[in-house]
Structure formats: C-alpha cells, structure tokens
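To keep things clear, I will list the structure first and then write my remarks on it.
The values are calculated or read from the model by the stated rules, or taken from the named source; none is laboratory data. Source: prediction; values computed, not measured. Cβ coordinates were reconstructed from backbone atoms using ideal geometry, including for glycine residues, and neighbour counts include every protein chain displayed.
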Amino acid sequence: MQNLFNGIYDGMTVLVTGHTGFKGSWLVTWLRALGAQVVGFSLPDPPTNPNNFDVSRLHEQMVDARGDIREETAVADLIATHRPTLIFHLAAQPIVLRGVAEPKLTFDTNAGGVVNLLEAVRQTGRGRQTGRGRQNDGARGVLVITTDKVYENQEWLWGYRESDRLGGHDPYSASKAMAELATHAYRSTFFSPETYQRHGVAIATARAGNVIGGGDFGQYRLVPDCMKALMSGAPIGVRNPLSVRPWQHVLEPLSGYLWLGAKLLQAGPAYGEAWNFGPREQRGLSTREIAEKLIELWGSGAWVHTEPGYAKVETGLLRLNWDKTAARLGWQPVFTWEEALREIVTWFKAYQGQQDMRAVARAHITHYVAQAQAQALPWATDVD
C-alpha cells in the first residue's frame, strides 16, 4: 500500500492530533499501512470507552503522546520535539450538544486549539533561523479538519460551496467557523503563497460532515446510537427522524485528506485553501432512512422517536457541494450509502465476535482502495 498517494507517506513523520478519536484512529491505521511514522497527540483519556484506538491496539505502532490542545506550551513542545513534516489537525470537541452544555470548553478547544497549533508551527517552522544561522526542518504542510457545520445555515436544498458565508448559531458550529477564520488569518499573514519560498509551509482546511463508520462509539450520534442499540437488542432512539445529512463513510474524507496532504507537500500553496468532501448521493438522507437500513442489514431491531431537550440546536437540512474538490483534486467518493452502512455492520459484527480489530480495519481499508482502483480514481491509481 506504500505506493498509494505517490508513495509520499512512506517513512514520513506525520502528526495526527486527536488520534484517539474515531476519525483520528482510522487515519492512524491508514497512515501506518502507508509506511508513515505517526506521532499522535490527544487528551489522556480517549473520548469513549470502548474506542477504536484501543480495540485496534494502535499504541503499539506509533508515538502515543498525551496532552491538551488548549495548552500552548504542550503543543509547542510537541512540535519542537518531533518536527513532523505533515500535520493533520483533528483534535476537537466534536459534539453539538456538548457545545451547548460546555460552550467555553468548546470554543477554547476548537478555535483556541487551532491557534496554538499554528503558532507552534510558526515558531518552530522551516522559516525560523537556528542559533547557527541554519533553517530548522519543520512542518511543510498543515491540514486543519473542521466540519460541514462551519457554514451559516440557510436550510438550502443545494449544497454549500467553499466560498459561501461562514457562521454558526450554536457554540460548536461557531467555534469551527472561528477555526476556519483563524487558519485563514495565519495563512494570509504568516504563511502566504507570495513568501512560500521563505517559510515553506502550505496550509489548507477540510470540511466534511456526518462521517460514519465502524469503531464510532460516540454519544449523541445516530450511527453509534444505532449500533449500540442493535448490539444490545434495545430499540434505537432517533431524535429527529426527518433531519437530512450528507452521510459518508469515514474512509471517504480520509482518502481526501491524504490526497490533499500529498498535494500540499508536492505543490505547496497551490492547494492551500478550503475543501469540501461529501458523499456520492446528490440528495441528503434522513436519519430515519439510515436507522431503517441499519436495522435491515443487521437482521433485527426497531427504532423509536425520542426528543431530548437540546434537539432544537441541530439543523434540519445540511449538504455540501464538492464540485471544486472533484475538479481540482480529482477526488470523488467510492461507496454508495448502502455500501457504507454495510461496511459499518460488518465492522460491528466483527467487534461483537471479538475478532482482531486492527486486522479488520486494515481489511476494510484494502477493500476501499480496491474499489477506488476499480473506479480508476486518481488518488488510487496515479503513481509517479
């Protein structure tokens, strides 16, 4: 698998913040399969118990650093010590409802954390002179992962484009929009394309929403709620059956992140901007449709409508337009929504059967890559 993405990750030191989270742990698994030397940085305790990081035993394959993205000194020391070539920043407070309950933590983590990371890159980057007058090696690329919820929601039937207005009426959405603005400010002020030859750092943001997959045990998320209920034989609680989302399997945006990361390293600031990653389906899918399909694939189960007090903060209709990503990156998703849900059910049945989940995850990635190669997608087939 080392020849994927033009073989650029083989032997490279890559930092993944939020590596014990759902998306972060899948990204670590894929990076290790690509031959990367991975450094992770997350809070001391994983976000859930159980979690994909632990069940896949990923601590055995990487530098597993623990700390708080809100602590500026800890982040600076991490960057200075390991000097990663590429950084994927996923560390975040990712739950909309928790943002309502803990707004300051959410803003400090999601907006302040990005500032701490980019400031550390600025202070220790290639453009900073050492005491001997030589430039330090440092990060050449930074990809900040945000969310589809950075857009000012208009309940449009069409998908949001990267040029649409940012906003957010709840703390989580607003904090992620602030992260986008902070990234743009650092890129414009300290890492501009015009001075790239001096600083040598390319920075981009990636927006993807409602990412689903095996190994997600998060709270207040439809698919984890579904799978936990199905495994226990309980009915699935669905808060907003008619809410429409751009559901996509976790490997879809991760393939985009890895391809974009390779582009940042190869072409620098030409790709240093915002990018949307969305599913194949042009129409969004309701939470009810997702729950009913998972029940069908699992072979048993039922769902009921529940109404927690904070459901009103969640948007009813939200979709992304990824035309720019398709046209300029040559990226497009691989799975249909039914295939994505089938992969999820397969993962959770393997977990329930106490299989080797690291091997299961690798097999899922291999299957996904084979599907992408069969579709002749550039990231899976273009090898220099």
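In the stretch 153-179, the residues that are free of Cβ contacts under 8 Å to residues at least 40 places away in the same chain and over 17 Å from R245 (Cβ atoms) form Cβ pairs under 7 Å with partners that are assigned to a loop (DSSP other than H, G, I, E, B) and charged (D, E, K, R), at six or more places apart or across chains, as follows: R165/E152; L166/E152; G167/E152.
Just one residue in the set L15, L34 is hydrophobic (A, V, I, L, M, F, W, C), under 19 Å from the mean Cα position of the chain (by Cα) and farther than 25 Å from E343 by Cα; that residue is L15. Annotation note: Cβ proximity below 7 Å between a residue of the stretch 225-245 that is more than 16 Å from T306 (Cα to Cα) and touching a residue at least 24 places away in the same chain (Cβ under 8 Å) and a residue that is surrounded by fewer than 21 Cβ atoms within 10 Å (Cβ to Cβ) and aliphatic (A, V, I, L, M) (sequence gap 6+ or interchain) occurs for V244/L285; V244/L317; R245/L285.
Would you mind stating whether S188 is among the hydroxyl-bearing types (S, T, Y), part of a helix (DSSP H, G or I) and without any contact (Cβ under 8 Å) to a residue 40 or more places away in the chain? Yes.
Could you go through the stretch 269-292 and let me know if any residue there is surrounded by fewer than 18 Cβ atoms within 10 Å (Cβ to Cβ), modelled with pLDDT under 95, out of contact with any Lys or Arg (no Cβ under 9 Å at 6 or more places or on another chain) and not in a helix (DSSP H, G or I). Looking for residues that are surrounded by fewer than 18 Cβ atoms within 10 Å (Cβ to Cβ), modelled with pLDDT under 95, out of contact with any Lys or Arg (no Cβ under 9 Å at 6 or more places or on another chain) and not in a helix (DSSP H, G or I), one finds at least one in the stretch 269-292, hence yes.
A quick yes/no check of all residues on (1) in contact with an Asp or Glu (Cβ under 9 Å, 6 or more places away or on another chain); (2) closer than 16 Å to L251 by Cα; (3) without any contact (Cβ under 8 Å) to a residue 60 or more places away in the chain:
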| residue | (1), (2), (3) |
| --- | --- |
| N321 | yes, no, no |
| K324 | yes, no, no |
| A327 | no, no, yes |
| V334 | yes, yes, no |
| R342 | no, yes, yes |
| W347 | no, yes, no |
| Y351 | no, no, no |
| Q354 | no, no, yes |
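Which of the following residues is out of contact with any strand residue (DSSP E or B) (no Cβ under 6 Å at 6 or more places or on another chain) and closer than 22 Å to R207 by Cβ: N51, N3, N116? Even if it seems obvious, please write down each step before you answer.
Details: N51 fails: closer than 22 Å to R207 by Cβ; N3 fails: closer than 22 Å to R207 by Cβ.
Residue meeting the stated conditions: N116.
Here is a list: A372, A363. Which entry is at pLDDT 95 or above, surrounded by 19 or more Cβ atoms within 10 Å (Cβ to Cβ), in a helix (DSSP H, G or I) and of a type outside the set (S, T, N, Q)? Quick ask: steps written out before the conclusion?
On the way: A363 fails: surrounded by 19 or more Cβ atoms within 10 Å (Cβ to Cβ).
Exactly one of A372, A363 is at pLDDT 95 or above, surrounded by 19 or more Cβ atoms within 10 Å (Cβ to Cβ), in a helix (DSSP H, G or I) and of a type outside the set (S, T, N, Q), namely A372.
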